[in-house]
Amino acid sequence: MFRRSPRFLDGPVGSSARIAVAMGVLGLLAGCDNPTGILKPNQPPGAAITGGIVPVPPSGGARDSIFYAAEILWTGWDPDGVIEHYQYAIDIPDDLLGGLNEGGDTGIAWRDTTAFRASFLFRTPEQDSLLGEPIDRYRGDHTFYLRAVDNEGLVSRADYVEFTALNFTPRTTITSPPVARSADPLLVGRSFNVCWDSLDPDNPSPRRTPAWYEWKLKQMPPDWIPAGREMQYAVDVLAADVPWIRMSADTTCLRLSLQVGHPYIFAVRGVDEAGGVETRFVKGGNGLVGQQPRHTAPSGPFPRAGHGGFPRSRP
């Protein structure tokens with residue numbers, strides 16, 4: 001004999017059964033940790049910087065020092081959802097720090113990413129005098145901020161790290177004329193070609209070249225004696241009134257026009273992508289002190305140094 005399955009009855013008994021079933025379903029939907037079925041508020045995610053820069057406690061009075069090209073790593077978590085993306089910012093102005101942990105537009109230039117790591121180039125605008133003069137190293141103090149954003153748009157508290165970026169300046173060497181390293185002074189005609197090469201020791205690019213070159217040419221009085229001049233003093237003091245002329249890194253040669261009978265000071269330097277500027281000058285290295293043969297100066301206007309110059313592009 002088959003037994004008939006019981007049915008819910010109309011009336012008070014049947015109503016109670018239906019209510020019991022409905023409450024059971026709600027309990028299952030709400031989960032074991034929330035038997036009341038009331039939705040909990042969204043909990044904020046978390047984020048942390050995990051590598052690339054070592055955080056130093058503020059009480060230590062010091063910052064981690066890194067090269068200006070650095071990779072930073074981070075991670076995040078969300079206790080009741082998923083992280084939609086991360087946001088990072090560098091050197092937030094003090095007047096905007098009040099909105100560091102707020103969503104929406106607070107004026108902070110946050111950049112979105114779904115990655116867990118990224119490489120950065122940090123500016124080094126300050127000369128670092130710890131190594132003595134002339135200065136071969138530049139530095140820049142920075143703060144990197146990171147936060148996470150969950151799938152409902154709620155942001156985490158920002159993690160941050162303070163550090164000092166260090167940068168060694170390029171080193172430029174004149175390669176032509178070839179006697180430039182031994183001649184003192186260098187004797188040339190009314191025009192001559194000068195070429196150079198340079199190495200940026202901490203540039204992450206395989207070419208390790210500066211981002212720009214700058215050069216200057218100072219014409220001295222006819223009675224100025226160029227022999228035995230110290231190059232650093234000649235560039236920093238005697239030629240201080242002549243502005244530097246910037247060129248791209250692909251230009252490594254110039255054709256210079258000179259006035260007959262005048263000595264001159266020439267210097268070239270590299271400028272890297274982080275703002276480091278070559279400041280050490282060596283005769284026959286990245287500077288020349290030369291003498292024109294004493295002949296009658298040609299009539300007409302004196303051609304400006306560099307006019308008629310030709311660029312030599314790298315292959």
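The values are calculated or read from the model by the stated rules, or taken from the named source; none is laboratory data. Keep in mind that this is a model prediction, so the values were computed, not measured. Here the Cβ is made from the backbone with ideal geometry for all residues, glycine too, and neighbour counts use every protein chain on show.
Assorted remarks:
- The residues of the stretch 213-240 that are among the acidic types (Asp, Glu) and in contact with a strand residue (DSSP E or B) (Cβ under 7 Å, 6 or more places away or on another chain) amount to a single one, GLU214.
- Looking at the stretch 82-196, the strands (runs of 3 or more DSSP E) lying wholly inside it that each contain 1 or more residues that are within 16 Å of the chain's Cα centre (by Cα) sit at 83-90, 111-113, 117-121, 137-150, 159-168.
- Output for the stretch 210-232, where each listed residue is at pLDDT below 90 and surrounded by 17 or more Cβ atoms within 10 Å (Cβ to Cβ): PRO226, ARG229
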